[in-house]
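S.K.: Here it is, the structure, as structure tokens.
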Amino acid sequence: MLTNHASCRPRRWCGRMEELRYWRSPTAAFIALLVCTVLMENVLTQHITKTPGLCGGRACIAGHRIRVADIIVWHEMRGMSADQIVDMFPGIALADVYAALAYYFDHRQEIEDDFRSADQWADWVKTSVPSKIPARLREKSRD
């Protein structure tokens, strides 16, 4: 069996790669690695959900309408710490924020495509929808 290291969370199997060299057969080592992967996926799905009709079907923190993309903007682009994000939303846990970050790094292309499509939509709105702000006020704000 895999050992549970003191540095790992309680009751979760450790997936450290250096342990795999002590297994007697490659099949047993592969099965152990597979078990670790499945357990980590289970932890991730406890915190992140994708529900059609909720936030456009995008990945969100489970039970909330806080998208993974929102967490990424606050953490990666605005430089907020995970604790600061949790302070903004008392209903989420620190584990939710870290799960969102892990989801982003596992599904980077998906999240970046969401950013790109949002930017394209904003550009379309700027060019296609006339502004309701009078021109003289728009000119004032540019000065």
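The values are calculated or read from the model by the stated rules, or taken from the named source; none is laboratory data. Predicted, not measured: the structure shown is a model, and the values here were computed from it. Here the Cβ positions follow ideal geometry from the backbone for every residue, glycine too, while neighbour counts run over all protein chains shown.
S.K.: Looking at region 32-64, which of its residues are aliphatic (A, V, I, L, M) and at pLDDT below 85?
M.R.: Step one: filter region 32-64 for residues aliphatic (A, V, I, L, M), giving 32-35, 38-40, 43-44, 48, 54, 59, 61-62.
Result: 32, 33, 34, 35, 38, 39, 40, 43, 44, 54.
S.K.: Looking at this structure, is residue 79 more than 15 Å from residue 46 (Cα to Cα), out of contact with any Gly (no Cβ under 9 Å at 6 or more places or on another chain) and not in a helix (DSSP H, G or I)? So that I can check it myself, show each step before the final result.
M.R.: Working: more than 15 Å from residue 46 (Cα to Cα): yes; out of contact with any Gly (no Cβ under 9 Å at 6 or more places or on another chain): yes; not in a helix (DSSP H, G or I): yes.
So residue 79 passes the test.
S.K.: What tally of residues in region 105-126 results from selecting those that are among the charged types (D, E, K, R) and over 16 Å from residue 71 (Cα atoms)?
M.R.: Taking region 105-126 first, the residues among the charged types (D, E, K, R) are 106, 108, 110, 112-114, 116, 119, 123, 126.
With the extra rule that they be over 16 Å from residue 71 (Cα atoms), the set shrinks to 116, 119, 123, 126.
Of the residues in that region, 4 qualify.
A quick yes/no check of all residues on (1) surrounded by 11 or more Cβ atoms within 10 Å (Cβ to Cβ); (2) not small (Gly, Ala, Ser):
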position	(1), (2)
104	yes, yes
109	no, yes
113	yes, yes
120	no, yes
125	no, yes
129	no, yes
135	no, no
140	no, yes
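S.K.: Consider region 82-104. How many of its residues are outside any helix (DSSP H, G or I) and of a type in the set (Phe, Trp, Tyr)? Write out each step before concluding.
M.R.: Just the residues of region 82-104 that are outside any helix (DSSP H, G or I), to begin with: 89-93.
If we keep only those that are of a type in the set (Phe, Trp, Tyr) as well, we get 89.
Of the residues in that region, 1 qualify.
S.K.: For the subset of region 123-142 comprising residues that are of a type in the set (S, T, N, Q) and part of a helix (DSSP H, G or I), which member is farthest from the chain's Cα centre (by Cα)? Can you show your working first?
M.R.: Going through region 123-142, the residues of a type in the set (S, T, N, Q) turn out to be 127-128, 131, 141.
Retained after the next criterion (residues that are part of a helix (DSSP H, G or I)): 127-128, 141.
Working: 127: 31, 128: 32, 141: 36 Å.
My answer is 141.
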